Amino acid sequence: MNFLNKLFSGGKSADKYFEMAFEEETVFHNYKKAASYYEKSAELGLAKAQFYCGYLYLKGRGVARNYARAFELVESGAKQNHPQAQYLLAQMYLSGEGIKKDESKGEEWLNKFKEHNIPPQRLSFHCF
């Protein structure tokens, strides 16, 4: 983490913010607080936080629904090779949820996800 990121994050790491978010979501079911911590972790570049935060924006859980922000976050996580983000991005493109439907891009991201050899039913989506 570079100096400026550390300064603006109050010294907390992306992983620490993610842990706090995950606890708020799964233990306390406080999606608003979870979204805030996921957002901080995502801004620090943690791919799994980008995925979870993007999903919350996609569904409007703890935050106002914002398809543009959801896409931006999920795509960032997918580009960092995060399997859940790749799968969700593929589904967004294939269904047209939150973005313009594009089956070609959807298949492209689905193929990248398949490289992880994880069956979709084995994915862990805590915020689903």
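Cβ-Cβ contacts under 8 Å between residues 6 or more apart (or on different chains), taken from a first residue in segment 11-38 that is touching a residue at least 24 places away in the same chain (Cβ under 8 Å) to a second residue that is of a type in the set (Asp, Glu) and buried (at least 18 other Cβ atoms within 10 Å of the Cβ), are listed as 30/24; 31/24; 31/25; 33/24; 34/24; 34/25. Residue 68 meets the conditions (1) more than 23 Å from residue 105 (Cα to Cα); (2) more than 12 Å from the chain's Cα centre (by Cα) in every case but one. The failed one is (1). Once segment 91-111 is narrowed to residues that are of a type in the set (A, V, I, L, M) and closer than 16 Å to residue 67 by Cβ, the residue that is surrounded by the fewest Cβ atoms within 10 Å (Cβ to Cβ) is 94.
Note on segment 26-37: residues that are more than 24 Å from residue 11 (Cα to Cα) and buried (at least 23 other Cβ atoms within 10 Å of the Cβ) total 0. A single entry from 70, 90 fulfils the requirement of being closer than 20 Å to residue 22 by Cα and modelled with pLDDT of 95 or more: 70. Here residue 78 passes the criteria (1) closer than 17 Å to residue 21 by Cα; (2) buried (at least 23 other Cβ atoms within 10 Å of the Cβ) except the one numbered (1).
Looking across segment 81-90 at every residue that is free of Cβ contacts under 8 Å to residues at least 40 places away in the same chain and buried (at least 16 other Cβ atoms within 10 Å of the Cβ), the one that is nearest to the chain's Cα centre (by Cα) is identified as 85. Applying the condition of being at pLDDT 60 or above and of a type in the set (A, V, I, L, M, F, W, C) to segment 4-25 and asking which residue is nearest to residue 49 (Cα to Cα) yields 18.
For residue 117, the criteria (1) within 15 Å of residue 47 (Cα to Cα); (2) polar (S, T, N, Q); (3) modelled with pLDDT under 95 hold in every case but one, which is (1).
This table checks each residue for (1) among the aliphatic types (A, V, I, L, M); (2) surrounded by 14 or more Cβ atoms within 10 Å (Cβ to Cβ); (3) modelled with pLDDT under 95.
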{"position": "2", "(1), (2), (3)": "no, no, yes"}
{"position": "39", "(1), (2), (3)": "no, yes, no"}
{"position": "51", "(1), (2), (3)": "no, yes, no"}
{"position": "54", "(1), (2), (3)": "no, yes, no"}
{"position": "65", "(1), (2), (3)": "no, no, no"}
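The values are calculated or read from the model by the stated rules, or taken from the named source; none is laboratory data. Since the model is a prediction, treat every value here as computed from it, not as a measurement. So basically every Cβ, Gly included, is an ideal-geometry build from the backbone, and we count neighbours across all protein chains shown.
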